[in-house]
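Chemist: What follows is a structure written as structure tokens; I'll ask about it next.
The values are calculated or read from the model by the stated rules, or taken from the named source; none is laboratory data. Since the structure is predicted, the reported quantities are computational estimates derived from the model, not experimental observations. Note: ideal-geometry Cβ built from the backbone for every residue, glycine included; neighbour counts use all protein chains shown. What goes into the accessible areas is simple: the full protein's heavy atoms, side chains included, and nothing from ligands, DNA or RNA. Shrake-Rupley method; radii C 1.70, N 1.55, O 1.52, S 1.80 Å.
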There are 2 protein chains.
Amino acid sequence: MTTRRVVVVGADAAGMSAAHQAIRANRARGEEIEVVALEMTQDTSYSACGLPYWVAGDVDDADELVARSPERHRELGIDLRLGATATELDVKDRKLTYRTSAGDTIRIGYDDLVIATGAAPVIPDWARTTEGAMVPGVRPLKDMTDGHAWLRTLNPTTSQAPAASPSPRRGIVVGGGYVGVEMAEAMHRRGWETTLITRTRVMSNLDPDMSARLETVIESAGVTVIGDTQVSELRTHPDGSVAAAVTDDGTVYPADAIVVAMGVRPATGFASLAGLPVGKTGGLLADESGRVAPGVWAAGDCCEVKHRVTGKWTFAPLGTHANKQGKTIGENLAGGEARFQGVLGTAITRFVAGDHHVEVARTGLSTAEAEEAGFTVASLVTEGRTASGYMPEASPIAVKVIADAYSRRLMGMQIIGGRAAGKRIDTAAASLWAGLSVDDLASMDLAYAPPFATVWEVVQLAARRLADRM
Amino acid sequence: MTTRRVVVVGADAAGMSAAHQAIRANRARGEEIEVVALEMTQDTSYSACGLPYWVAGDVDDADELVARSPERHRELGIDLRLGATATELDVKDRKLTYRTSAGDTIRIGYDDLVIATGAAPVIPDWARTTEGAMVPGVRPLKDMTDGHAWLRTLNPTTSQAPAASPSPRRGIVVGGGYVGVEMAEAMHRRGWETTLITRTRVMSNLDPDMSARLETVIESAGVTVIGDTQVSELRTHPDGSVAAAVTDDGTVYPADAIVVAMGVRPATGFASLAGLPVGKTGGLLADESGRVAPGVWAAGDCCEVKHRVTGKWTFAPLGTHANKQGKTIGENLAGGEARFQGVLGTAITRFVAGDHHVEVARTGLSTAEAEEAGFTVASLVTEGRTASGYMPEASPIAVKVIADAYSRRLMGMQIIGGRAAGKRIDTAAASLWAGLSVDDLASMDLAYAPPFATVWEVVQLAARRLADRM
């Protein structure tokens, strides 16, 4: 009997979680499997979420972002092939074709295939030259190569910095999502005059009133925010490098560099060509076990996932889901019956610059999402403190609770506040996970001591105030 | 028709929550009620939990601890009588007798009585003179008067401090619970040579292994911890003030001051004399509506409460419960159908001194409590970080998960760690509230970004590791 071969495409969180879990779980039942992992880049298992903090200077060394190096994966028994790009999939014959960095084309058979190709940044036409290359000075922040490039651009101590700038360098971030806000922080902290331009508003997955609160803090820290505006074209210097962005209202914003942070799309080219099921956003649609077709599995940012509150498919590219999905598939590749339980849309970030420290978090449905899903929304913003008012730790915090007016079920929560504000969202996430009502949240026994909370913990106070009005 | 009269005994969290909620809720249905509140001391609605932080110097002014002053209660329509001690209750005739500070005895009728007399500190015999007074230099930390006294004793800038101390002053804290640990912090931060003596161990409501971790930090910060030891007598100076504590093994610990932090007991004297139902600890037993007898209600630290995991009565004196119970009664005094939903035993504190910052939290049942309640316990300690390892915010954190081995239901959690560790307990509290399993906790969608968590949030990693072993 030949050894069962698992081929994994993409050697980051989802793929490598699946690979290692599959090896461990099979070994636990006395079976050895062969795992071949194909990775397009030269990097494996790094923290993409950590890139902005590396660029901003919080992280000293790129190596710290790498959870497992290629060497380590190989030591653990994985046949890792770097610079390998999957090009064609034959689901029926269980064969995958890939191209090596040397230009060779290789066809490999598999018993099980794990697609974990992640997502690719959205690059608008204006960011490219007529030849299709990126305009110099313009790039996204998606992988380690981007991180290195941004570090060279932003960090004035590197040799690539101009010998003498007559004035602060000017940067533009296009996009107001998580990466956009985090890169605006990085640019600003690096001493750049920073403008964030967003098609809608900062963090558009928050309700507009909460988004406005965040924008106020970011602007007061010194970043200019231009909302409801799109970049339509670039101006370039004679050498071809970026000189300015021109917006749809004709305004010209001079810029020495532009971060393209307009989101990501599932990277499913070869897989969708093979006729595998994909959703509205182009993400693969796997069942709860992670399977998309006989012998084919998919995990991570190349997938859509089920939202637990709406029951609908959604695109939620996050390392947390990627790891859980990967582990699920790994167990199932050893005859397990693991199930990925879906997502709530929980997310968190912060904006820190000088004395400004704001944390922002959300879970569940926003008001617009809840209404679109057919719920009748009741919501309320409560302002409170992160600690008893008399403690030096006390920071302002605003909590928006979103509920279904009929069932009183919690639908979502959004938080904006100072230090120790953001992670309180997990209490709401756990409550949502369990399908609790706002009354349940208002009643529960949460931790109180003066350095940590007000006696009515603010998350709970917010739920109670809404419950009292419903 | 005469106005309905509600008499409230005890003008702190529970009593005043009930009083104000009753006024508001009755007003909302067009009825005015008369509320008479009797308070033994001269203080109302202050944060007892804040006292150690005031003594330590985190809070500048005692007034900041007062949520609502006597004047404010009166403005809001309450007939507040300070220095009034309830002495006798006639449940059948609905009459209460109290003594004024002037020594008069007054008998007052009521339609509804709310007993919110709180708890009184346990004072051992050794702390008293043969005449029954407290030995000078020895006292608990229970009310504002105690706070003022400790501030004068510990703060070297006040005039009461000795003109010139030849060496650091020496303090002893007797008791290793929340108040004990917080007062050890206060003494230590005030420059006192501090020894904490406890009958069992520091935070005995934690499992012994977690308690030991906390003890290690407290000791490394410079506080001496003497466990499994009881104070049996005191030595005094010729002027009668305390000179030393002698423990049951005969050791003599010189001391300039001693904090008695040996816990509290329900203060239910007149109420239990009236034949109202009390539990093992002497706390009143109210039903979920807050009622203990016809026309008699009780809330706060003078009560036992139902533990949601065991279904049994327990004594959990905490402001959070007092507020919720008070609000419940207030609503029911206006014909409402509010129910107090019980407790989980959630608690949190910290020990901070110099570079040492440790947070400790717990919820649900400890291993011993779960075993006593008849569960077969599976538990595991997981060590992790509060943020991604490469972030400057990352602190060590240890999470112990306690579960029922048969049902896989979460039973409890204990956390010890650095900054941002403690409040993660709320995720477990919400999960416990909903009766979730360790598998649920391991699967849920919690907030991740590098400054806030590892990609497998440590609380969840801890649940997953235990789930994988069960």
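Chemist: What is the one condition in (1) open to solvent by less than 40 Å² (accessible area, probe 1.4 Å); (2) in a strand (DSSP E or B) that residue B:383 does not satisfy?
Modeler: It is condition (1) that residue B:383 fails.
Chemist: While we're on this one: Among the numbered conditions (1) modelled with pLDDT of 95 or more; (2) more than 18 Å from residue B:462 (Cα to Cα); (3) within 14 Å of chain A (Cβ to nearest Cβ), tell me where residue B:353 comes up short.
Modeler: The number of the failed condition is (1).
Chemist: Here is a further query. Would you be able to say whether some residue in the range A:25-42 is more than 26 Å from residue A:335 (Cβ to Cβ), in contact with a helix residue (DSSP H, G or I) (Cβ under 7 Å, 6 or more places away or on another chain) and open to solvent by less than 10 Å² (accessible area, probe 1.4 Å)? Give the derivation first.
Modeler: Going through the range A:25-42, the residues more than 26 Å from residue A:335 (Cβ to Cβ) turn out to be A:39-42.
With in contact with a helix residue (DSSP H, G or I) (Cβ under 7 Å, 6 or more places away or on another chain) added as a condition, the list becomes none.
The answer is no; no qualifying residue exists.
Chemist: Tell me the residue from A:232, A:241 that is small (Gly, Ala, Ser) and more than 17 Å from residue A:170 (Cα to Cα), please. Spell out the reasoning first.
Modeler: Details: A:241 fails: more than 17 Å from residue A:170 (Cα to Cα).
Sole residue among the options that is small (Gly, Ala, Ser) and more than 17 Å from residue A:170 (Cα to Cα): A:232.
Chemist: Take the residues in the range A:356-380 that are part of a loop (DSSP other than H, G, I, E, B) and not aromatic (Phe, Trp, Tyr); name whichever of them is nearest to the other protein chains (Cβ to nearest Cβ). Let's see the steps before the verdict.
Modeler: Step one: of the range A:356-380, the residues part of a loop (DSSP other than H, G, I, E, B) are A:365-366, A:373-376.
Then keep just the ones that are not aromatic (Phe, Trp, Tyr); that gives A:365-366, A:373-374, A:376.
Numbers: A:365: 13, A:366: 15, A:373: 17, A:374: 22, A:376: 24 Å.
Of everything passing the filter in the range A:356-380, A:365 is nearest to the other protein chains (Cβ to nearest Cβ).
Chemist: Across the range B:453-462, what is the number of residues that are more than 7 Å from chain A (Cβ to nearest Cβ) and either under 21 Å from residue A:359 (Cα atoms) or part of a loop (DSSP other than H, G, I, E, B) (or both)?
Modeler: Keep residues of the range B:453-462 that are more than 7 Å from chain A (Cβ to nearest Cβ), which gives B:453-454, B:457-462.
Cutting the leftovers down to either under 21 Å from residue A:359 (Cα atoms) or part of a loop (DSSP other than H, G, I, E, B) (or both) gives us B:453-454, B:457-459.
So the count comes out to 5.
Chemist: Regarding residue B:443, is this residue closer than 18 Å to residue A:346 by Cβ and of a type outside the set (Val, Ile, Thr)? Let's see the steps before the verdict.
Modeler: Values: closer than 18 Å to residue A:346 by Cβ: yes; of a type outside the set (Val, Ile, Thr): yes.
For residue B:443, the condition - closer than 18 Å to residue A:346 by Cβ and of a type outside the set (Val, Ile, Thr) - is met.
Chemist: Answer yes or no: is there a residue in the range B:5-17 that is farther than 18 Å from residue B:295 by Cα, more than 14 Å from every other protein chain (Cβ to nearest Cβ) and touching a Gly at 6+ places or on another chain (Cβ under 7 Å).
Modeler: Within the range B:5-17 (the criterion being farther than 18 Å from residue B:295 by Cα, more than 14 Å from every other protein chain (Cβ to nearest Cβ) and touching a Gly at 6+ places or on another chain (Cβ under 7 Å)), the answer is no, since none of the residues qualifies.
Chemist: Testing residue A:388 on (1) surrounded by fewer than 24 Cβ atoms within 10 Å (Cβ to Cβ); (2) touching a residue at least 12 places away in the same chain (Cβ under 8 Å); (3) part of a loop (DSSP other than H, G, I, E, B); (4) within 8 Å of chain B (Cβ to nearest Cβ), one condition comes back false. Which one is that?
Modeler: The single condition residue A:388 does not satisfy is (1).
Chemist: Tell me which strands (runs of 3 or more DSSP E) are completely within the range A:84-135 and hold 2 or more residues being surrounded by 21 or more Cβ atoms within 10 Å (Cβ to Cβ), or say none if there are none. Spell out how you get there, then give the answer.
Modeler: On the way: elements: A:85-90, A:95-99, A:105-109, A:112-115, A:119-121.
Counting at least 2 such residues, we get A:85-90, A:95-99, A:112-115.
A quick yes/no check of all residues on (1) within 12 Å of chain B (Cβ to nearest Cβ); (2) within 20 Å of residue A:214 (Cβ to Cβ):
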| site | (1), (2) |
| --- | --- |
| A:392 | yes, no |
| A:402 | no, yes |
| A:416 | no, yes |
| A:425 | yes, yes |
| A:429 | yes, yes |
| A:436 | yes, no |
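Chemist: Check residue A:450 against each of (1) outside any helix (DSSP H, G or I); (2) at the interface with chain B (Cβ under 7 Å from one of its Cβ atoms); (3) surrounded by fewer than 24 Cβ atoms within 10 Å (Cβ to Cβ) and name the one condition it does not meet.
Modeler: Here residue A:450 meets the rest and fails (3).
Chemist: To continue, here is another question. For the range B:306-335, which residues satisfy the criterion of being touching a helix residue (DSSP H, G or I) at 6+ places or on another chain (Cβ under 6 Å) and either facing another protein chain (nearest Cβ under 10 Å) or not in a helix (DSSP H, G or I) (or both)?
Modeler: Within the range B:306-335, B:317, B:319, B:322, B:323, B:327, B:331, B:333, B:334 meet the criteria.
Chemist: Does at least one position in the range B:419-439 carry a residue that is assigned to a helix (DSSP H, G or I) and over 24 Å from the mean Cα position of the chain (by Cα)? Please lay out each step first, then the result.
Modeler: Within the range B:419-439, the first condition is being assigned to a helix (DSSP H, G or I), and the residues that meet it are B:422-433, B:438-439.
Applying the additional criterion that residues be over 24 Å from the mean Cα position of the chain (by Cα) yields B:438-439.
There is at least one residue in the range B:419-439 that is assigned to a helix (DSSP H, G or I) and over 24 Å from the mean Cα position of the chain (by Cα).
Chemist: Right, another one. For the range A:56-93, give me the residue count where each residue is of a type in the set (Asp, Glu) and touching a residue at least 40 places away in the same chain (Cβ under 8 Å).
Modeler: Filtering the range A:56-93 down to residues of a type in the set (Asp, Glu) leaves A:58, A:60-61, A:63-64, A:71, A:75, A:79, A:88, A:90, A:93.
Subset that is touching a residue at least 40 places away in the same chain (Cβ under 8 Å): A:79, A:88, A:90.
Count: 3.
Chemist: Counting only residues that are of a type in the set (Gly, Ala, Ser), away from chain B (no Cβ under 14 Å) and over 24 Å from the mean Cα position of the chain (by Cα), which one in the range A:27-82 is farthest from residue A:16 (Cα to Cα)?
Modeler: That would be A:30.
Chemist: Checking the conditions here, which among B:240, B:283, B:250 is small (Gly, Ala, Ser) and surrounded by 15 or more Cβ atoms within 10 Å (Cβ to Cβ)?
Modeler: Numbers: B:240 fails: surrounded by 15 or more Cβ atoms within 10 Å (Cβ to Cβ); B:250 fails: surrounded by 15 or more Cβ atoms within 10 Å (Cβ to Cβ).
Only one candidate qualifies: B:283.
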